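Notes for the one structure printed next.
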Amino acid sequence: MQRNGIFPGRRPMIRRGQGIHGPVMQARRVCSTALPARRRAGYGGWMFFLFGLTTREHLQFTRSAGCRYCGMHAPQQVVQRKTKLSVFFIPLITLKKTRLQVCTNCGGTSTISGSEQRALAY
């Protein structure tokens with residue numbers, strides 16, 4: 001039932017406009033058709049996505065070589081680090097792949113390219 005142009009139980013939405021005599025308050029009617037169609041149709045369920053990033057390190061090999069930081073000839077570990085996007089705990093896409101050279105003497109870590117990794121492997 002409509003009374004004075006406003007539906008019962010709803011407050012009118014107010015917007016300000018400029019009239020001849022200064023600011024004028026105008027009431028606008030709000031009805032159920034202003035709501036999104038899926039809410040009006042009784043869609044009450046909510047969906048959620050569980051996603052995250054996972055970073056894993058895999059030891060590729062260990063070779064004896066000179067360290068870039070301490071200068072000692074010590075075993076160098078070549079580690080591959082991968083960052084993956086997971087949805088519902090299932091890894092889907094590899095976002096970032098990094099190769100690292102880690103010195104076992106000083107713990108210094110540096111990134112290496114694929115060609116440097118192949119040169120260290122042989």
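The values are calculated or read from the model by the stated rules, or taken from the named source; none is laboratory data. Just so we're clear, the structure is a prediction, and the values are computed from it rather than from any experiment. When we count neighbours, we look across all protein chains shown, and the Cβ atoms used for this are built from the backbone with ideal geometry, even at glycine.
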> Of Phe61, Phe49, which residue is touching a residue at least 60 places away in the same chain (Cβ under 8 Å), surrounded by fewer than 13 Cβ atoms within 10 Å (Cβ to Cβ) and not basic (Lys, Arg)?
Replying inline: Phe61
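Given the criterion in a helix (DSSP H, G or I), more than 30 Å from Met47 (Cα to Cα) and not aromatic (Phe, Trp, Tyr), identify the matching residue among Gln80, Gln117.
Details: Gln80 fails: in a helix (DSSP H, G or I).
Going through Gln80, Gln117 in turn, just one is in a helix (DSSP H, G or I), more than 30 Å from Met47 (Cα to Cα) and not aromatic (Phe, Trp, Tyr): Gln117.
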> Among the residues of the range 98-107, is any of a type in the set (S, T, N, Q), modelled with pLDDT under 95 and outside any strand (DSSP E or B)?
Replying inline: yes
>> Quick test of your reading of the structure: Val30 fulfils all but one of (1) surrounded by 11 or more Cβ atoms within 10 Å (Cβ to Cβ); (2) in a strand (DSSP E or B); (3) at pLDDT below 85. Name the failing condition by number.
In response: (2)
>> Of everything in the range 64-73, what is part of a strand (DSSP E or B) and exposed (fewer than 15 other Cβ atoms within 10 Å of the Cβ)? Give them in sequence order.
In response: Ser64, Gly66, His73
> Scanning for something in contact (Cβ under 8 Å) with a residue 24 or more places away in the chain and either in contact with an Asp or Glu (Cβ under 8 Å, 6 or more places away or on another chain) or of a type in the set (Gly, Ala, Ser) (or both), does the range 71-78 turn up at least one residue?
Replying inline: yes
> If you take the residues in the range 79-114 that are among the charged types (D, E, K, R) and surrounded by 14 or more Cβ atoms within 10 Å (Cβ to Cβ), which one is farthest from the chain's Cα centre (by Cα)?
Replying inline: Arg99
